[in-house]
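Structure first, commentary second.
The values are calculated or read from the model by the stated rules, or taken from the named source; none is laboratory data. Keep in mind it's a predicted model, so treat the numbers as computed, not measured. Here the Cβ is made from the backbone with ideal geometry for all residues, glycine too, and neighbour counts use every protein chain on show.
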Amino acid sequence: MTAPKKRETKKTEILRTVRELRARVAAWRERGETIALIPTMGDLHDGHLSLVRRGKELCARTIVSVFVNPTQFGPNEDFEKYPRREAEDFEKLETIGADVMFAPSVAEMYPAGFDSKIIVGGVTSMLEGAIRPGHFEGVATVVAKLFGMASPDVACFGEKDYQQLKVIEKLVRDLDMPVRIIPCPIARDEDGLALSSRNRYLDERQRAIAGRLNRILAETARRIESEPNQVERILVSEKESILSAGFDSVDYLTLIDAETLAPVEKLQKSARLLVVARLGPTRLLDNMPVGL
Ligand code: AMP
């Protein structure tokens, strides 16, 4: 008989107010315990949980925020429809042994009279920033608020949202925030599809097509590495491959400097290949490093 899977017994608390969160954080600080924050919008999957595991390796305490942040959604985006599965999220966090699930209401995060925003320059002007105006202001503002509430030592972010990671790194650098940003690798399904809460929107046919994106991205990276002067030509031809694979459109397939996010025309040092392709209304994001 196989032994039952061991379940961590550490209790996870749900906190819903800034006051409660600050009180918990103050008690931990009093005992000299370090704190990791993992900001999420919930509907937790193994990608999110890999961030929580990383936080647990680095700090004595982990706080996972679960908040579908309205200010980072555009007027025609999926804020209303975004999956909300609080009970399941809580169970997953209990199993993995997170200390706190911070699940505030919109009114708690943005009380009447709230009227400030954080604008990070440079790395927000292109790609997602150009396609989703205001998105990174919403992200930077909510993350800065969470840092202010939880005063974490470290905060874990996925490379899945590569531009977002660079925006947060710049936010922390520019505003001297005393928190270390930990980049975490992309968790994928068996066929290579990057895990995402929005994958739920895909029907069976779309899900089969979605699995091809990562393979095309890997092939693009390999071609660029072997022909570093032919970046533009390779990107044009691989965009065609994405469409031929069944995607409805490609928002971008681009090679960028890994730090400034400026387009790279000739591969001379390590860079990042980013793609966003659409299946119906669903945008699938993926990226990978490209080296020489
Ligand atoms: P979200 O709930 O989509 O806002 O994501 C919360 C955090 O989880 C962000 O830092 C994401 O980059 C990260 N994340 C989402 N999907 C993945 C994934 N497949 N692998 C690693 N991190 C991820």
Report summary line: Residues in the range 30-47 that are more than 6 Å from the ligand (Cβ to nearest atom), part of a helix (DSSP H, G or I) and touching a residue at least 24 places away in the same chain (Cβ under 8 Å) total 1
Report summary line: Selection over the range 165-195 where residues are in a loop (DSSP other than H, G, I, E, B), of a type outside the set (D, E) and farther than 22 Å from E137 by Cβ yields a count of 7
Query raised in the report: Going through the range 163-209 one residue at a time, which ones are within 12 Å of the ligand (Cβ to nearest atom), closer than 22 Å to T260 by Cβ and in contact with a helix residue (DSSP H, G or I) (Cβ under 8 Å, 6 or more places away or on another chain)?
Result: Q163, Q164, L165, V167, I168, I181, I182, P183, C184, P185, I186
Query raised in the report: Do we have L127 as more than 14 Å from the chain's Cα centre (by Cα), farther than 25 Å from V52 by Cβ and hydrophobic (A, V, I, L, M, F, W, C) here?
Result: yes
Query raised in the report: Condition test on V236, is it touching a Phe, Trp or Tyr at 6+ places or on another chain (Cβ under 6 Å) and either farther than 30 Å from F73 by Cβ or in a strand (DSSP E or B) (or both)?
Result: no
Query raised in the report: Filtering the range 48-59 down to residues that are near the ligand (Cβ under 7 Å from one of its atoms) and buried (at least 21 other Cβ atoms within 10 Å of the Cβ), which residue is farthest from E80 (Cα to Cα)?
Result: L51
Query raised in the report: For residues in the range 209-240 being polar (S, T, N, Q) and within 25 Å of R132 (Cβ to Cβ), which is surrounded by the fewest Cβ atoms within 10 Å (Cβ to Cβ)?
Result: N214
Requested in this report: Considering each of A208, A221, A277 in turn, give the residue that is of a type in the set (G, A, S), part of a strand (DSSP E or B) and modelled with pLDDT of 95 or more.
Outcome: A277
